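Everything below concerns the one structure shown next.
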Amino acid sequence: METDENVVITPQERQEFEEYRRRKRIAEARALIGRLELDLTQPGTDGAAVVSAVKDAEKCGLGGVCVQPYFVNVCARPVKKLKVVCCISLCGGAETSEAKAFQVRRAARAGAAAAEVTAPVPAVKEGAWSYVRRELKKLRAAAGNIELRMNAEAPLLTAQEAERLCSLAAECGVKCVRVSHGACDDEELSQIAAAVRGRMTVKSGGADTPARIATMMELGAGIVSSRSATELARTILAVAEEGR
């Protein structure tokens, strides 16, 4: 590309250009942070700590916060834009469909924006696909106007099971599939992304660095959850501000 060596850029123009680049970096950083969710589902977390963490997460511009059913009510009250995600049936999805549906309805009444329910892994492993379909339909009905998500627990599934489970989820109105409740590796994330085939958002968890977040998103994650999401958000903004 030819350049005109006689063109002179004034100090003011250079300053304006650098400010434009800074604002662009910050806008991109905030968009990325909006795809992060803070995971507060670990046992032993008390209500005061949860509320404090939720307020910090909203100040940082995170997209959501994941809590167990007990904390939905106290989290939903102080937030305005932050999405409260109620995580239900974390232990392999072995609870009955009726118990899960009850928790989904309760979460919706308490102010949750989304219910993230673990798939019935025992039924999947037994090939009881009619049961899986019925459960997903019950959960969709129970969710009403809030978003229904599914935790697939990919480490427990074969590629064929993941494919069929995700197909049923899309058919039954699930909007987002989480790879697993814990941290997921690249293979598990790729497996779920391939099974979803763009029909739903993919959510991965366990990111502990901005580089890991970038890798997960390159592999197909639209949402990334982390126990350190707030700290990661601050780091991402600081880097954008400094232009590093």
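The values are calculated or read from the model by the stated rules, or taken from the named source; none is laboratory data. Source: prediction; values computed, not measured. Counting neighbours? That spans all protein chains shown, and the Cβs are built from the backbone with ideal geometry, glycine included. Remember, those area values only see protein heavy atoms, side chains included, never the ligands or the DNA or RNA. Shrake-Rupley method; radii C 1.70, N 1.55, O 1.52, S 1.80 Å.
Shown here for the stretch 33-89: trypsin sites (Lys or Arg not before Pro) in loop regions (DSSP other than H, G, I, E, B) with at most 14 other Cβ atoms within 10 Å, namely 80, 81. Applying 0.36 nm per residue to the separation of residue 109 and residue 158 and subtracting their alpha-carbon distance, the gain on full extension is 14.1 nm.
What would the Debye formula give as log10 I(q)/I(0) at q = 0.14, 0.21, 0.23, 0.24 Å⁻¹ for the alpha-carbon point model of the stretch 180-238, no solvent? For the requested q values the scattering log ratios are -0.35, -0.74, -0.86, -0.92. Across the chain, C-alpha contacts under 8 Å between residues 6 or more apart give a mean separation that, scaled by the residue count, equals a relative contact order of 18 percent.
Entry note, the chain: the mean residue ellipticity at 222 nm calculated from DSSP H runs of n ≥ 4, each adding -39500 (n - 2.57), is -16000 deg cm²/dmol after division by the residues and rounding to the nearest 500. With all pairs of different C-alpha atoms in the average, the Kirkwood value for the hydrodynamic radius of the chain is 19.1 Å. For the chain, the dipole from Cβ point charges (+1 on Lys and Arg, -1 on Asp and Glu) about the Cα centre works out to 1320 debye, to the nearest 20. Its alpha carbons considered, the stretch 79-219 gives a radius of gyration followed by a Dmax of 14.3, 42 Å.
For the stretch 159-231, the list of trypsin sites (Lys or Arg not before Pro) that fall in a loop by DSSP and count at most 13 other C-beta atoms within 10 angstrom reads 197. Close amide-amide hydrogen proximity is noted between residue 83 and 64, 65, each under 5 Å apart and 5 or more residues distant or on a separate chain (H modeled in the peptide plane; Pro and chain starts excluded). To put it simply, the accessible area of the chain at a 1.4 Å probe is 52 percent carbon and sulfur. Please compute the length gained on full extension between residue 48 and residue 31, using 0.36 nm multiplied by the number of residues separating them and subtracting their Cα-Cα distance. Extending this stretch completely gives an extra 3.3 nm.
Given a 1.4 Å probe and the protein chains as shown, residue 10 ends up with an accessible area of around 60 Å².
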